[in-house]
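The structure appears below as structure tokens.
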Amino acid sequence: MADLRSDFLGIKSPNPFWLASAPPTDKEINVHRAFEAGWGGVVWKTLGEDPPVVNVSGPRYTTLLGPDRRVLGLNNIELITDRPLRTNLEEIRRIKRAWPDRALIVSLMVPCTEDSWKNILAMVEDSGADGVELNFGCPHGMSERGMGSAVGQVPEYIQMVTAWCKQYSKLPVIVKLTPNITDIRAPARAAHAGGADAVSLINTINSVIAVDLDRMVMSPATDGWGSHGGYCGPAVKPIALNMVAEIARDPQTAGLPISGIGGIGSWRDAAEFIALGAGTVQVCTAAMVYGFKIVQEMCSGLANFMDERGYRSIEDFRGKAVPTVKNWNQLNLNYVEKAVINQDSCIQCGRCHIVCEDTSHQAIFASKDGQRHFEVNEAECVGCNLCVSICPVPDTITMRRLMPGEIDQRTGQIVSGEYANWTTHANNPMRVTG
């Protein structure tokens, strides 16, 4: 039977599902209810120095909705905790005492001075917390004050502050990275060089989610003005997975523990992050949309998946997909696939033909013997997978691999069983020869 217990940096929790540092982890009552619901851990909403910040008393969140009004993304302009530091620390101490088997990490953000970090670290360590997460990712409000992503976008600052934290605290140090950067490997390498025990990613993405066209004001607005905020939710998951994979496969950071964040709303999402190297996963938007009890479905779903695959613990499949992630120039250019339409389950909607005809490779016939009939024209199909992606009936369109010795009707060439990539291709003027 699957064992969901997690041991991340020596921090033990009954499952790998943690609530991310955000509004759901801002108060003792929230965290208590979260643990009652079954969450394995929480990252307490980011603490700062006194006097506390002041949040707007107006719209802080807004959502990007799909046609069925499901939340695709959530934008927020809320800052770090606006409650006194002492109040937060007292509540953290009580929660840890009441729930000793749960992971309790404290997110921190203070000015980029050595004394500021030294002072707050001592107070957090005294609270009994299991570790700290350095918030180098917040893209709004705090970044204008030289904190958050203003630090996370400068590798030298990341390394410097991380080193301070390792010097002044015995607690495990997790560095939370911003996605608002060209190459996520640079800040991850800096965190590693500074002695970070782990990294967590991604934090939210800079965004303006909407404009009220009647008033010609960005939305949401406070007194007629708006500000860019942090974007999260299901829509950011592909971006987060890519950045997690980049760190997991980078020779300079390979093996660095990762806490995965970004659009995780189901056990399947969590399993994908774990397969790309994450040791724990952090959730925010899903909890804000569906409530704390969503973790129960996540846990049961992940356990069922693991039982079906024969995985006894998450370590059995953690990072298992990382070796399959390559740069484009390493892909096998001798590998060929073609789309195949199952006529028995095809509902004749024609969507595959429309998108292929208008936007792809004109590789799907729309009729046969004068009748409506959709069939792949292998002489034009490049195996792009677009028709598979848009077909409304699962598994009706699939991809078939052409085996070595078969003829690719599009090129007229015999499919080779040999591996060859762009670095050696005849069309590449920079190809490697010899």
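The values are calculated or read from the model by the stated rules, or taken from the named source; none is laboratory data. The structure displayed is predicted, hence computed values, not measured ones. Virtual Cβ from ideal backbone geometry, glycine too; neighbours counted across all protein chains shown.
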Checklist entry - From the list R351, R400, R431, R372, which one is farther than 30 Å from E272 by Cβ and out of contact with any Ser or Thr (no Cβ under 7 Å at 6 or more places or on another chain)? => result R372
Checklist entry - Out of curiosity, is A188 surrounded by 22 or more Cβ atoms within 10 Å (Cβ to Cβ), out of contact with any Ser or Thr (no Cβ under 6 Å at 6 or more places or on another chain) and outside any loop (DSSP other than H, G, I, E, B)? => result no
Checklist entry - Taking the stated definitions as given, is D223 touching a residue at least 12 places away in the same chain (Cβ under 8 Å) and under 23 Å from N55 (Cβ atoms)? => result yes
Next on the checklist: Among the residues in the range 253-260, are any assigned by TED's automatic domain parsing to the domain that holds M288, closer than 15 Å to L74 by Cα and crowded, with 16+ Cβ neighbours inside 10 Å?
Outcome noted: no
Checklist entry - Among the residues of the range 200-210, is any part of a loop (DSSP other than H, G, I, E, B) and farther than 21 Å from G262 by Cα? => result no
Checklist outcome for this item: Looking across the range 7-18 at residues that are assigned to a loop (DSSP other than H, G, I, E, B) and either farther than 11 Å from V42 by Cα or of a type in the set (S, T, N, Q) (or both), the single one that is nearest to the chain's Cα centre (by Cα) is N15
Checklist outcome for this item: Listed by first then second residue, the pairs whose first member lies in the range 358-385 and is on the phi > 0 side of the Ramachandran plot, whose partner is part of a strand (DSSP E or B), with beta carbons under 6 Å and at least 6 positions apart or on separate chains, are G383/E337; G383/K338
Checklist entry - What number of residues within the range 324-354 are more than 22 Å from E406 (Cα to Cα), within 29 Å of the chain's Cα centre (by Cα) and touching a residue at least 12 places away in the same chain (Cβ under 8 Å)? => result 4
Next on the checklist: Quick test of your reading of the structure: R83 fulfils all but one of (1) in contact with a Gly (Cβ under 6 Å, 6 or more places away or on another chain); (2) of a type in the set (K, R); (3) more than 29 Å from I258 (Cβ to Cβ). Name the failing condition by number.
Outcome noted: (1)
Item to check | Total residues in the range 216-262, condition in a strand (DSSP E or B) and within 18 Å of V173 (Cα to Cα) | outcome: 4
Checklist entry - In the range 205-249, how many residues are buried (at least 16 other Cβ atoms within 10 Å of the Cβ) and among the charged types (D, E, K, R)? => result 3
Checklist entry - Among (1) more than 20 Å from S259 (Cβ to Cβ); (2) surrounded by 20 or more Cβ atoms within 10 Å (Cβ to Cβ); (3) at pLDDT below 95, which single condition is V154 missing? => result (2)
Item to check | N427 being free of Cβ contacts under 8 Å to residues at least 60 places away in the same chain and either in contact with a His (Cβ under 7 Å, 6 or more places away or on another chain) or over 18 Å from Q330 (Cβ atoms) (or both) | outcome: no
Checklist entry - Do any residues in the range 307-319 that are surrounded by 14 or more Cβ atoms within 10 Å (Cβ to Cβ) have Cβ atoms under 8 Å from those of residues that are of a type in the set (D, E, K, R) and assigned to a loop (DSSP other than H, G, I, E, B), where the two are at least six apart or on different chains, and which pairs are they? => result S313/R5
Checklist outcome for this item: Filtering the range 177-212 down to residues that are at negative phi, at pLDDT 95 or above and more than 19 Å from the chain's Cα centre (by Cα) yields A190, H192, A193, G194, A196, D197
Checklist entry - Residues of the range 19-56 being of a type outside the set (A, V, I, L, M, F, W, C) and under 24 Å from the mean Cα position of the chain (by Cα), which ones? => result S21, P23, P24, T25, D26, N30, G38, G40, G41, K45, T46
Next on the checklist: Looking only at the range 106-140, filter to residues that are of a type in the set (G, A, S) and assigned to a helix (DSSP H, G or I); which one of those is farthest from K12 (Cα to Cα)?
Outcome noted: S116
Checklist entry - Out of the residues in the range 323-345 that are hydrophobic (A, V, I, L, M, F, W, C) and in contact with a helix residue (DSSP H, G or I) (Cβ under 9 Å, 6 or more places away or on another chain), which is farthest from T411 (Cα to Cα)? => result V325
Next on the checklist: Can you find a residue that is in contact (Cβ under 8 Å) with a residue 24 or more places away in the chain, assigned by TED's automatic domain parsing to the domain that holds L104 and within 19 Å of N206 (Cα to Cα) anywhere in the range 22-31?
Outcome noted: yes
